[in-house]
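The values are calculated or read from the model by the stated rules, or taken from the named source; none is laboratory data. Not measured: the values here are computed from a predicted model. Neighbour counts are summed over all protein chains in view; Cβ atoms, including those assigned to glycine, are modelled from backbone coordinates with ideal geometry.
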Amino acid sequence: MLPRPVTMHPRPGTHTLTGATTLGSDPACAGVARQVRETLSRSTGLPLPDAALPGATVALTVDPTLPAEGYRLRVRPDRVTIDGGSPAGAFYGVQTLRQLLPPAVYRRAPVGTGPWTVPCVDIRDEPRFGWRGCMLDVARHFMPVAGVLRFVDLLAAHKLNVLHLHLTDDQGWRVQIRRYPRLTEVGGWREESMVGSRQHERFDGRPHGGFYDQDDIREIVAYAAERFVTVVPEIDLPGHTQAAIAAYPWLGNDPDQPAQVATRWGVSRRVLNVSDETITFFRNVLDEVMDLFPSRHIGIGGDECVKDEWRASAAAQRRLAELGLPDEDGLQGWFVHQFQRHLAANGRVLFGWDEILEGDLPPGATVAAWRGPALAVAAARAGHDVVACWDTAAYLDYRQSAAPDEPIPVGTVLTVADVRAFDPVPPGLPAELRHRILGAQCNLWTEHADSPRTVDYLAFPRLSAFAEAVWSPGSAPPWDGFDRRLADHLRRLDALGVEYRRPGGPLPWQRRPDAAGWPRERADRDAELATLTGNVLPPRPGPAGNDPPRPAPGR
């Protein structure tokens, strides 16, 4: 099973689902029961009619004495019972029941007649962390709604509960904002895309675009909620905003310098200006975003803001002097704080990458610590909650081996074993700050993933390993037979139609001899991390005014 349950005790016998099997639930689990019937009937052909709880063959109930996302699964020859601490817990119990059935249960139509037999067992389970997520970048390469819904299903099947959607960047704006239609009319497409890593200077000459209208977003959010996945949106600012500046040039620092939606990978030097009008613009944007996404957290990015334009801008320098700030990092901190206050006034929490620490941001944000565990510790000490996602453990766009046929190899080597070894609790974190670690997420940037097939290859089976890292207890190396369990799990991925990377390497059509990458060595990345994290650890950051932009590693 994957992720590994907390406790599992085999019992004598088996239970077989048949045409006589009935399904019952208490009112709280009615939605879960509806999904069970839909998914199991689709693959098994069994009707699973509704029945009252005392006599139902498969029974779903809520037991408030259990942890909210925990569950208890009992399989006996005559009955299956799933008790969850909440409907979410019952849902996760159902995912475990699916794994106990033959892999064909994951298909969308019957491919055989069974038998649909489950071993008798007692399982008691609950997640290690509350935030178990994946960031999907739909800005660099747009993923249509159907692909996002499929990705939600894959997250839910792995008991992950957060989909962080990276909706805007220099290379595209992917969410409709009714008040500002040019954000998608202009910012929603680019003239061409780079082929391979940026230093090779190769382009495909093919326009790329797409965006989600507001009903698309509502569908994604509702579909995810039915599967107990929270969708956290990200509107990146004040950097990574060239698409927005292309749509509304007055948002930039020099309206006389036209911008186009970026066609190059990497970090643009075009950033937002710090005027009141720009702040009002993005407050309005976030108001529409909050109407669409009920999530407690709203992402504002805050990463990789190149400050050259602010240093050269008389208006930015006046604003810096008026506020009595020491430098441009302080100006970014002030800028981000405007949205922290706006979100808080609406009952939301600002969620940003760990660069938001560089401007003395007041406590109360949630920080995605991508540049290493030292940033997680710094964020916790500064009074922020933390989502662990350092790139050397959780960036699924990084290359999966050092073999020459690895497609578009970027970053350091990040194997399935590396991801499974990820511990979101950083070493050196004081015990009294342990509660600040909400959990972890893996991040899937899509500069080099232009289709769902490529997303599959990058994500799986590493995402399966990540699911165990954030769900299962942290002790018990070597992870209680993980390799054997993963081999079994690949049969489920086959049934789901996932084009994962095979253990032996890429299949011929998964290779990209036409697109060169940018592989890096672990020692080089460790040295870079030491430099980057030094910029944000106490007393406060203060990079030199002419420092070059820090590229996102491997991007």
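Summary table
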item: Considering residues of segment 130-157 that are under 22 Å from residue 175 (Cβ atoms) and of a type in the set (Lys, Arg) only, the residue surrounded by the fewest Cβ atoms within 10 Å (Cβ to Cβ); result: 150
item: Pair list, Cβ under 9 Å, 6 or more apart: segment 110-129 residue loosely packed, with under 15 Cβ neighbours inside 10 Å and of a type in the set (Ser, Thr, Tyr), other residue modelled with pLDDT of 95 or more and in a loop (DSSP other than H, G, I, E, B); result: 113/45; 117/101; 117/102
item: Flag if residue 39 is under 29 Å from residue 482 (Cβ atoms), in contact (Cβ under 8 Å) with a residue 12 or more places away in the chain and under 32 Å from the mean Cα position of the chain (by Cα); result: yes
item: Residue count for segment 520-531, restricted to those that are more than 23 Å from the chain's Cα centre (by Cα) and either surrounded by 14 or more Cβ atoms within 10 Å (Cβ to Cβ) or modelled with pLDDT of 95 or more (or both); result: 2
item: Residues being farther than 26 Å from residue 376 by Cβ and of a type outside the set (Val, Ile, Thr) - total across segment 397-454; result: 14
item: Condition met for residue 74 (out of contact with any His (no Cβ under 6 Å at 6 or more places or on another chain), in contact (Cβ under 8 Å) with a residue 24 or more places away in the chain and part of a strand (DSSP E or B)); result: yes
item: From the options 267, 274, residue that is surrounded by 20 or more Cβ atoms within 10 Å (Cβ to Cβ), over 17 Å from residue 173 (Cα atoms) and hydrophobic (A, V, I, L, M, F, W, C); result: 274
item: Given (1) more than 24 Å from residue 221 (Cα to Cα); (2) without any contact (Cβ under 8 Å) to a residue 60 or more places away in the chain; (3) in a helix (DSSP H, G or I), index of the condition residue 93 fails; result: (1)
item: Selection count, segment 9-49, where residues are in contact with a Lys or Arg (Cβ under 8 Å, 6 or more places away or on another chain), aliphatic (A, V, I, L, M) and farther than 19 Å from residue 113 by Cβ; result: 1
item: Total residues in segment 297-326, condition at pLDDT below 95 and surrounded by 19 or more Cβ atoms within 10 Å (Cβ to Cβ); result: 0
item: Test result for residue 240, assigned to a loop (DSSP other than H, G, I, E, B) and either in contact with a strand residue (DSSP E or B) (Cβ under 9 Å, 6 or more places away or on another chain) or surrounded by fewer than 18 Cβ atoms within 10 Å (Cβ to Cβ) (or both); result: yes
item: Residue match in segment 71-87 (condition: out of contact with any strand residue (DSSP E or B) (no Cβ under 8 Å at 6 or more places or on another chain) and over 12 Å from residue 26 (Cα atoms)); result: no
item: Number of the exception - residue 360 against (1) of a type in the set (D, E, K, R); (2) buried (at least 22 other Cβ atoms within 10 Å of the Cβ); (3) at pLDDT below 95; result: (2)
item: Answer from 427, 461 - the residue that is within 18 Å of residue 393 (Cβ to Cβ) and at pLDDT below 95; result: 427
item: Test: residue 372 is crowded, with 20+ Cβ neighbours inside 10 Å and out of contact with any Ser or Thr (no Cβ under 6 Å at 6 or more places or on another chain); result: no
item: Within segment 483-519, considering residues that are farther than 21 Å from residue 111 by Cβ and in contact with a helix residue (DSSP H, G or I) (Cβ under 6 Å, 6 or more places away or on another chain), the one surrounded by the most Cβ atoms within 10 Å (Cβ to Cβ); result: 501
item: Test result for residue 428, in contact with a strand residue (DSSP E or B) (Cβ under 8 Å, 6 or more places away or on another chain), assigned by TED's automatic domain parsing to the domain that holds residue 171, at positive phi and touching a residue at least 12 places away in the same chain (Cβ under 8 Å); result: no
item: Some residue of segment 246-255 being out of contact with any Gly (no Cβ under 6 Å at 6 or more places or on another chain), part of a loop (DSSP other than H, G, I, E, B), without any contact (Cβ under 8 Å) to a residue 40 or more places away in the chain and of a type in the set (Asp, Glu); result: no
item: Residues of segment 351-390 satisfying the condition of being closer than 18 Å to residue 296 by Cβ, touching a residue at least 40 places away in the same chain (Cβ under 8 Å) and out of contact with any strand residue (DSSP E or B) (no Cβ under 6 Å at 6 or more places or on another chain); result: 356
item: Which listed residue is more than 26 Å from the chain's Cα centre (by Cα) and touching a residue at least 60 places away in the same chain (Cβ under 8 Å), from 295, 275, 313, 268; result: 313
item: Residue under evaluation residue 426, criteria (1) surrounded by fewer than 24 Cβ atoms within 10 Å (Cβ to Cβ); (2) more than 20 Å from the chain's Cα centre (by Cα), criterion not met; result: (2)
item: Boolean, residue 507 is under 21 Å from residue 397 (Cβ atoms) and either touching a residue at least 12 places away in the same chain (Cβ under 8 Å) or under 16 Å from the mean Cα position of the chain (by Cα) (or both); result: no
item: Evaluation of residue 229 against (1) surrounded by 22 or more Cβ atoms within 10 Å (Cβ to Cβ); (2) farther than 24 Å from residue 69 by Cβ (one fails), failing number; result: (2)
